[in-house]
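One structure below.
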Amino acid sequence: MIKNILPAAFILATNSIAWAENPAPIPKQNVIDVLNIDLNDDGRSDRVIMFETGEGRAAVEFYIRETENNTLVYSTTLDEPIWSGVMYGTIPSLDQNDAGSVLVKSQNIAIGRNRWEQVITVAYRNGALRIIGFTYSWHDTLSLNDSGKCDINYLSQKASLKLANNVEEWFEVEESAQPVESWTTYPIENICFTN
């Protein structure tokens with residue numbers, strides 16, 4: 001995995017993208033992180049770009065490298081729910097796991113009493129980039145009983161909710177691994193925050 005630190009590396013990170021076929025170029029000052037990764041397991045390096053969209057939000061664009069001309073071509077955008085802060089402990093980032101999936105991370109582990117971490121897992125499945133997992137953990141720094149972790153696996157269509165009492169509940173999930181562009185957070189609210 002090659003992970004570029006921005007904005008200094010932004011020009012190198014984007015100089016092979018076919019912008020004519022893609023959304024308007026992202027201003028380099030808006031770029032938060034770049035991840036070079038083989039998304040579709042064809043042996044070629046694809047690219048994922050995280051950037052600020054304003055008002056404390058971020059989005060992620062995915063680019064797949066074409067076989068014929070070795071050019072990166074826009075594939076899709078994940079634009080919610082990614083919170084973006086400006087100080088340590090609040091800045092989102094990109095990573096990859098051992099299975100080669102993209103981890104879209106956001107967090108607040110620095111401000112206020114309510115701390116949280118979120119990971120959206122994206123992988124190439126059945127010809128499309130799909131959301132295959134969502135993990136959200138939280139804790140209140142002033143109330144030890146207010147903490148927990150919610151983990152949704154869209155491939156197995158199962159979810160778990162573990163609270164401060166260490167009792168873990170399991171649920172069936174109706175939603176399967178949806179394409180990035182059609183994924184909605186509404187089912188997450190029902191699973192993670194109402195049980």
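No lab work stands behind these numbers, since they all come straight from the coordinates. Because the structure is a prediction, the values reported are computed rather than measured. For neighbour counting, all protein chains shown are included, and Cβ atoms are generated from backbone atoms with ideal geometry for every residue, glycine included.
Relative contact order for region 2-192 using alpha-carbon pairs under 8 Å, separation at least 6, rounded to a whole percent?
Details: 410 pairs, mean separation 22.3, N = 191.
Relative contact order comes out at 12 percent.
Would you calculate a helix-derived [θ] at 222 nm for the chain, using -39,500 (n - 2.57) for each DSSP H run of n ≥ 4 and dividing by the full residue count, to the nearest 500? Don't skip to the end; give the middle numbers.
Working: 2 runs with 12 residues, N = 195.
Counting only the DSSP helices, I get -1500 deg cm²/dmol.
Suppose R0 equals 41 Å; then what is the FRET efficiency for ASN114 and TYR74 from their Cβ-Cβ distance, rounded to the nearest 0.05? Intermediate values should be presented prior to the final figure.
Values: r = 36 Å, r/R0 = 0.88.
Computed FRET efficiency for ASN114 and TYR74 comes out at 0.70.
Give me the Kirkwood hydrodynamic radius of the chain in Å, from all C-alpha pairs, to one decimal place? Let's see the in-between values first.
Numbers: mean 1/r = 0.0565 Å⁻¹.
Taking every pair of different Cα atoms in the chain, averaging 1/r and inverting gives 17.7 Å.
Set the Förster radius R0 to 35 Å, insert the Cβ-Cβ distance between GLU169 and GLU55 as r into 1/(1 + (r/R0)^6), and round the FRET efficiency to 0.05.
Working: r = 35 Å, r/R0 = 0.99.
In this case the efficiency is close to 0.50.
Under a crude label model (7 Å from the Cα following the beta-carbon direction), how far is ASN153 from GLN29 in nanometres?
4.5
Net charge near THR185, counting Lys/Arg +1 and Asp/Glu -1 over other residues with Cβ under 12 Å of its Cβ?
Numbers: positive: none; negative: ASP79, GLU80, GLU175, GLU189.
My count for the surroundings of THR185 gives -4.
For every other residue with a beta carbon closer than 13 angstrom to the beta carbon of SER176, add +1 if it is Lys or Arg and -1 if Asp or Glu, then tell me the sum. It would help to have the intermediate numbers written out before the result.
Numbers: positive: ARG125, ARG130, LYS158; negative: GLU172, GLU174, GLU175.
Net of charged neighbours comes to 0.
Using a cut-off of 10 Å between beta-carbons, work out the net charge of the residues near VAL119 (Lys and Arg +1, Asp and Glu -1, VAL119 not included).
-2
Which whole-number percentage describes the relative contact order of region 83-194, with Cα contacts under 8 Å and a sequence gap of 6 or more? Numbers along the way, then the final one.
Details: 229 pairs, mean separation 17.5, N = 112.
The value is 16 percent.
Give the range of the longest stretch in the chain that excludes all chymotrypsin sites (Phe, Trp or Tyr not before Pro) found in loop regions by DSSP and having at most 13 other beta-carbon atoms within 10 Å.
Values: sites that count: TYR88, PHE193.
In the chain, the maximal stretch lacking such sites is 89-192.
Among the lysines in the chain, how many pairs, 8 or more places apart or on different chains, have alpha carbons under 19 Å apart? Walk me through the numbers on the way to the answer.
Values: LYS3/LYS28; LYS3/LYS105; LYS105/LYS149; LYS149/LYS158; LYS149/LYS162.
For the chain, qualifying lysine pairs total 5.
Please give the charge dipole size of the chain, origin at the Cα centre, charges +1 on K and R Cβ atoms and -1 on D and E Cβ atoms. Round to the nearest 20 debye.
Numbers: 14 positive and 26 negative charges, 100 e Å.
So the dipole magnitude of the chain works out to roughly 480 debye.
Separation between the GLU189 and LEU142 pseudo-spin-labels, each 7 Å from Cα along Cα→Cβ, expressed in nm?
Each label point lies 7 Å from its Cα, and together they span 2.6 nm.
Suppose every Lys and Arg Cβ carries +1 and every Asp and Glu Cβ carries -1, with no other charges. What dipole size does region 140-189 come out with about its Cα centre, to the nearest 20 debye? Mind showing how you got there, number by number?
On the way: 3 positive and 10 negative charges, 34 e Å.
Dipole size: approximately 160 debye.
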